[in-house]
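Okay, so here's the structure we're looking at.
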Amino acid sequence: MKKELNLMITPAEFPVPLIILPETDSTNNYLTQLCNEQQSAVREFTTVIAERQTAGKGQRGNSWESEDCRNITFSFVLYPTFIEARRQFILSQIVSLSIKEELDEWTKRISEKKICGILIENDLSGHHIGRSISGIGVNINQETFRSDAPNPVSLKQITGQEHERYLILANIMRRLKEYYILLQTDSSGNAANCIAERYARSLFRREGFHRYADADGQRQCAEGQALCHPFAAHALCSRLAR
């Protein structure tokens, strides 16, 4: 990895605790191990970003392609003990919205291309979520994709401009923190309803009927909101805390 970091924003100025790794297998693996070893010493919103990720996690065990020093591959931890396990999808909603709304500041032309992947791993404690680690990859400045993914795209490919990756990451985490605190401090349920409505308005192909392939490769047809998500790659995993 030859390129040196040239940050417009320093870790001290970052809106959440930030750990920058030159290389790791998976930021989700690194952060999970860190939380397991240090437990409560790892503060909420702690974010780990890797300049090179050798085994990034994707949906259903797939890997995530990312060129060194060109994109943002990161994970962050939350302790949303106030969220019931049956309502865990609200975490997916605020993560997705935080990324989409930041990317909307740069372009409205992502359309059917895949610019982002999200993997959320929740540890459940009783009927609530004890810990949630989200792993995210966003294609920022990569210009060539070599995997067999059918439709990858980067922000640079869309806009024709190089983008400051750490500034985008800081803005995503700033938005995420605002959404999360809004949920945490609202006892009426209005915040969750507003977030759900905003999420629904952001869904890709949210109207009409569209064809898709199921896990067996069979062509199916479903109404928009039954199969949509703001990004093409997303997975939500939960496991019982031991």
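The values are calculated or read from the model by the stated rules, or taken from the named source; none is laboratory data. The structure presented is a predicted model; accordingly, all values stated were derived computationally and were not measured. Note that we place each Cβ from the backbone using ideal geometry, even for glycine, and neighbour counts take in every protein chain shown.
On the given criteria, is Gly137 of a type in the set (Gly, Ala, Ser) and crowded, with 19+ Cβ neighbours inside 10 Å?
yes
Before we move on, is His234 within 17 Å of Phe89 (Cα to Cα) and at pLDDT below 95?
Yes, satisfied.
Restricting attention to segment 25-33, does a residue exist that is farther than 28 Å from Gly160 by Cα, in contact with a helix residue (DSSP H, G or I) (Cβ under 7 Å, 6 or more places away or on another chain), touching a residue at least 24 places away in the same chain (Cβ under 8 Å) and surrounded by fewer than 18 Cβ atoms within 10 Å (Cβ to Cβ)?
Looking for residues that are farther than 28 Å from Gly160 by Cα, in contact with a helix residue (DSSP H, G or I) (Cβ under 7 Å, 6 or more places away or on another chain), touching a residue at least 24 places away in the same chain (Cβ under 8 Å) and surrounded by fewer than 18 Cβ atoms within 10 Å (Cβ to Cβ), one finds none in segment 25-33, hence no.
What is the number of the single condition among (1) over 20 Å from Ala55 (Cα atoms); (2) surrounded by fewer than 18 Cβ atoms within 10 Å (Cβ to Cβ) that Pro150 does not meet?
(1)
Select, from Glu162, Glu105, the only residue that is among the acidic types (Asp, Glu) and over 18 Å from the mean Cα position of the chain (by Cα).
The match here is Glu162.
Condition check ((1) closer than 17 Å to Glu101 by Cβ; (2) free of Cβ contacts under 8 Å to residues at least 60 places away in the same chain; (3) of a type in the set (A, V, I, L, M); (4) touching a helix residue (DSSP H, G or I) at 6+ places or on another chain (Cβ under 9 Å)) across all residues:
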site: Ile120; (1), (2), (3), (4): no, no, yes, yes
site: Leu124; (1), (2), (3), (4): no, no, yes, yes
site: Ile133; (1), (2), (3), (4): no, no, yes, yes
site: Ala149; (1), (2), (3), (4): no, no, yes, no
site: Val153; (1), (2), (3), (4): no, yes, yes, no
site: Gln157; (1), (2), (3), (4): no, yes, no, no
site: Arg175; (1), (2), (3), (4): yes, no, no, yes
site: Ser187; (1), (2), (3), (4): no, yes, no, no
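Select, from Ile115, Ile94, the only residue that is modelled with pLDDT under 95, aliphatic (A, V, I, L, M) and crowded, with 21+ Cβ neighbours inside 10 Å.
Only one candidate qualifies: Ile115.
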